[in-house]
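Novice: There's a structure below that I have some questions on.
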Amino acid sequence: MIYNKDGIKTLTGKRLSSLSLAIAALCAGTHAGAQSNTIESIFVTADRQEAEIGDTAASIFALDSDYIDEVRPVHIEEVLKSIPGVVINRGNGQESLLGIRSPVLTGAGSCGAFQTSQDGIPLRGTGFCNVNQLFESNFEQASSIEVVRGPGSVLFGVNALHGAINIISPALADEAGGEVSLDVGPHDYGRVNLGYNGVSDEHSFGVHFNGSTDGGYKDDSGFGQQKLNLAHRYSGDVSVTTVFAATNLNQETAGYVSGTDAYKDEALQKSNPNPEAFRDASSIRLHSRIEGQAGEATWMVTPYYRDVEMDFLMHFLPGTPLEQNGHTSLGVQTMYSANLSNDVSWIAGVDLEISDGYLRQTQDGGFGSFPAGRQYDFDVDTQLISPYAQFKYQPTEMDQFSLGLRYELLEYDYDNKMIDGNTAEDGSSCAASAFNPTGVCRYSRPSDRSDDFNNATFQLGWIHDFDDTRQTYVNVAHAFRAPQATELYRLQQNQTVADLDSEEIDSFEVGYRATTDAAVYSVAAYWMQKDNVIFQDSARNNVSGGETEHKGIELNSLFTLTDSLELSVVASYARHTYEANIAPLGVTVAIDGNDIDTAPKLTGNVQLSWQINPSNRASLEWVYMDKYYTEETNTRQYEGHDLTNLRYQYESGDNWYFAARITNLFDTDYAERADFNPFGGDRYFIGEPASLYLTVGMDF
């Protein structure tokens, strides 16, 4: 075991080869410009410590701060769509639905398939995910955004079933300085970005803030959003990095627009069927990463605190009830890393977390099976303990093997604050009507109960270097996600207990990485089988036992065409299918073998970057979304779309800069998301027309 010039631990010096540096440059800054020889080949999320990409038998992709600053994203979808295997549907405002080596998943617990974190601390507590939770991260000012594609449960825990996203907070600089910028755009969009770093002896600190307002493209929509990051680092024999992160969102939400091809109808494109809808959300996270060395070993302890609250009108449900939810968490992550010999290293630790959560759903006026007043009101306490270990063995300079193991015990304590069962708040039956002749209420509340889930996961990896420019790897993994609290306790109609198992996935992946004088590229192919899939059946019961299959191939490449021109080509071809035992709500025919809805087979992102001169830079981006089915029987589909974006940046010699970008350059009619409601037909979140955004800023 040796250390590189930055003190980064590696198994042998051969990992600091041209291949490792080139692949890291590809993955960490594909779109950042003709400066790949200066991009650090370091990833934090790979092993909970800094590690070379060439030491990782997995598909990891990172977007660096240069690329984030170039795109200036209003929504995180604008940068994540440049990652192969990632499909993200932008909802209204800051809402989103995510897919990583999966269809875009929906439903109460679908967000549990992805671990989303900032600085390795999950955005939400175990069991309390939300499909829109990425807006609770400061992605706008991140120093990088790291994405693990495929199962990552060994080092990330319960929710990294299909993958993980880690937002790295704004970096603390070695020298004092700051930045201020202003973005303006269509429909009264504006954003201010502020950042400052200070240094004093062994102490450094940073303050980063961004606040934005958007009047909304659609009628009666828009949002106001503020995000704050405060950081302090003490660098001594023991290093302590403390980060406080806070976010606030106030959004007027526009709902789906219904009707076949409604996104092409100029009369409907700006319409909002739900002008009353809103979402208010806030989050606070505080953590201190304490790390040091004990001889040649390294250790890390990270205690953290989290508080999340959200109120929103459920405009997509009959009666438009109001949901209020939140939770408070205390946790700690630990890590210890050492060498057993020159050829063997290991990492081990324990993750602990306790959370206190609540959910309340109320409705002003009742009708039919949807009673007025409280419909749900419950508390859920969770306790999580999860030890893990990973071993790496390098028998030769050309081969490295890894083995990762994790065990997880998750306990839920559920306390119903209302009358148990299927009634209105006062215990009465719901009103009988032509649509509800039996007088059965839609919502059902289980009795107080406790549930626990025990899961174990593993990962096996092999990396082989053919030479300094070519590498292959194999990754075999088994991962899981436990049911979310809403899947267990937010029941409907006559279900009194949801007897759910953890979803599990088996994955096999093989990849190849290479570099030449003019190109850097990687190719990965994967196959995954998922069991115990949780869904809502035709009787509106939350059940598990479904099976799905996921397979695909992904390309990530960067070509140096000339000294000033670079071409990035990213593509993914995937097939996601129903396999067995799934009969979801509204489906009365067999769907085994069908494509899962919202699962485009082919997606791509091509970017041509031109460094005109040291002060001027331009890039042209093409985004491709293949057609996809919008419901399970595969009888209706969205036709897909092509979008083109143009960006330009100018940097002066006296530290100020100007940027302009045009999204949807050719004013294409498209849908950010299309789906099919069996009770309402085709519906869409409509994409915005050609839009011009301008930025002016200054470094100081």
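Novice: Multiply the residue separation of VAL192 and ASN339 by 0.36 nm, subtract the distance between their alpha-carbon atoms, and state the gained length in nm to one decimal.
Specialist: Net length gain for the segment: 48.2 nm.
Novice: Filter the chymotrypsin sites (Phe, Trp or Tyr not before Pro) in the stretch 394-445 down to the DSSP loop ones having no more than 15 other Cβ atoms within 10 Å, then list what survives.
Specialist: Those that pass, being in a loop and sparsely packed, are PHE435.
Novice: Quick one: length gained pulling VAL332 to ALA690 fully straight, 0.36 nm per residue minus the C-alpha distance?
Specialist: 124.3 nm
Novice: Still on this structure: For n ≥ 4 DSSP H runs only, could you compute -39500 (n - 2.57) per run for the chain, divide by its residues and tell me the 222 nm figure to the nearest 500?
Specialist: About -1000 deg cm²/dmol.
Novice: Could I ask something else about it? What number comes out for the charge environment of ASN130, summing +1 per Lys or Arg and -1 per Asp or Glu over other residues with Cβ under 9 Å away?
Specialist: 0
Novice: If I model a spin label as a point 7 Å beyond the Cα along the Cα-Cβ vector, how far apart are those points for SER450 and THR562 in nm?
Specialist: 7.1 nm
Novice: Follow-up. Take the cross-link list LYS81/LYS227; LYS227/LYS270; LYS81/LYS627; LYS264/LYS627 and give me the ones stretching past 19 Å between alpha-carbons.
Specialist: LYS81/LYS227; LYS227/LYS270
Novice: Using a basic spin-label model with each label point 7 Å from the Cα along Cα→Cβ, how many nm lie between ASP413 and THR588?
Specialist: 4.7 nm
Novice: Stretched out fully, how many nm does the piece from SER429 to PHE666 gain, at 0.36 nm a residue minus the Cα gap?
Specialist: So the chain would gain 79.8 nm between SER429 and PHE666.
Novice: Give the shape of the stretch 43-135 as rounded, prolate or oblate, defined through the alpha-carbon gyration tensor: a ≥ b ≥ c are the square roots of its eigenvalues, a/c under 1.5 means rounded, and otherwise the shape is prolate if a/b is larger than b/c and oblate if not.
Specialist: oblate
Novice: Then there's this: Provide the FRET efficiency to the nearest 0.05 for the LEU317-ALA348 pair, computing r from the beta carbons and using R0 = 45 Å.
Specialist: 0.50
Values in this text are rule-based calculations from the coordinates and carry no lab data. All values reported here derive from a predicted model rather than from experimental measurement. Backbone-built Cβ (ideal geometry, glycine too); neighbour counts: all protein chains shown.
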